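Shown next, in structure tokens, is the structure this report addresses.
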Protein chains: 2
Amino acid sequence: MSVRRFEGFRWEDVPLLAYKDGGPYKGVTRQVLFEGDASLPVQWRYFEVAPGGHSTLERHEHLHYVLILKGRGRCLVGETVSVIGEHDLVEVPSLAWHQFRAAGDAPLGFLCLVSASRDKPQLPGPAELAALRQKPEVAAFIRP
Amino acid sequence: MSVRRFEGFRWEDVPLLAYKDGGPYKGVTRQVLFEGDASLPVQWRYFEVAPGGHSTLERHEHLHYVLILKGRGRCLVGETVSVIGEHDLVEVPSLAWHQFRAAGDAPLGFLCLVSASRDKPQLPGPAELAALRQKPEVAAFIRP
């Protein structure tokens, strides 16, 4: 089947999954839109963060390329917290600490593109958290 | 800059380009959202087809992975014509003939994911057009 219909932020024949196994997060689901192929070795996912929820604060060597599809919120990339809304693009460079938080009164749904072969996310240890918290804006934002 | 703002179906620092050089098409623009990188070797583009316009009827070995972001229309993939609308997913398999047409009264904007290294599109010759036209629905749809 070439076309998979969209309805209510679900896609035909795409299961709704838990966000992930490791790391703290709140109210996040995952749908894998494209599993990748030898000729297009990427995984394309849709994550949805419920109002007030957040993804895991983490970093990894592989890039993320993100497009907001629904709602609004804020994200941390490196040491910068940005307000994000529909169709904004977010590039998460290699080894940048990052976290996505939905607004309190709106979900945050986003497409996320990653390489099919990628390293495992790293969680911050006490020294890394202390370094992140040097910046008051970041300290107030993160949910480790 | 990690975040590129979206406004009016344009993204900050993303130029609006002509669709392509070769092959017949009508009313199509292109924006390259992500150029690809050694660790994520894909190109992520946004194409917008004006009301009544169409992309090129073509095929190639590389896969396309498409998500409709705006408007509505129809597409041919292989021998099937489908009505498509916002957030529907379209997978264009290797060597499938394909063409996207916007509705007469609405644009059709879509995200399109391809491998950074890919073969050149092929246009249909007279024999291939005759084969495509065997199916009346396809004959009525295509704009070669």
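Given the rotation that superposes chain A on chain B, what residue of A brings its beta carbon nearest the axis, and what is the distance in Å?
A:Val42, 3
Picking from A:Glu86, A:Glu12, A:Glu48, which is most flexible by a Gaussian network model of chain A using Cα springs under 10 Å?
Greatest mean-square fluctuation among the candidates belongs to A:Glu12.
Check cross-link reach from A:Lys26 to the lysines: straight Cα distance under 20 Å, and skip same-chain residues fewer than eight apart.
Here the lysines satisfying the reach criterion relative to A:Lys26 are A:Lys70, A:Lys120.
Along the Cα→Cβ direction, 7 angstrom out, place labels at A:Lys135 and B:Arg133. What is the inter-label distance in nm?
About 6.1 nm separates the two model spin labels.
What are the ³J(HN,Hα) couplings of the range A:50-64, residue after residue, when phi is run through the Karplus curve with 6.51, -1.76, 1.60 and θ = phi - 60°? Round to Hz, x for glycine and proline.
Along the range A:50-64, the couplings run 5, x, x, x, 7, 7, 6, 6, 7, 8, 6, 6, 6, 6, 10 Hz.
Ignoring everything except DSSP H segments at least 4 long, calculate the 222 nm mean residue ellipticity for chain A; use -39,500 (n - 2.57) per segment, divide by total residues, nearest 500. Don't jump to the answer; show the numbers that get you there.
Details: 2 runs with 13 residues, N = 144.
About -2000 deg cm²/dmol.
Under 10 Å, Cα contacts only: if you run a Gaussian network model on chain A, which one of A:Gly125, A:Gly23, A:Gly109 comes out with the highest mean-square fluctuation?
A:Gly125
Alpha carbon centre of the range B:47-80 versus the range A:47-68: separation in Å?
Cα centres, the range B:47-80 to the range A:47-68: 29 Å.
Once you put a point 7 Å from the Cα of A:Arg5 and another 7 Å from the Cα of A:Ala38, both along the Cβ direction, what distance in nm separates them?
Label-label distance for A:Arg5 and A:Ala38, simple model: 3.5 nm.
Here, each number is a calculation from the coordinates, and none is a lab measurement. A quick note: this is a predicted structure, and the numbers were derived from the prediction, not measured. Please note: Cβ atoms are built from the backbone with ideal geometry, for glycine as well, and neighbour counts cover all protein chains shown.
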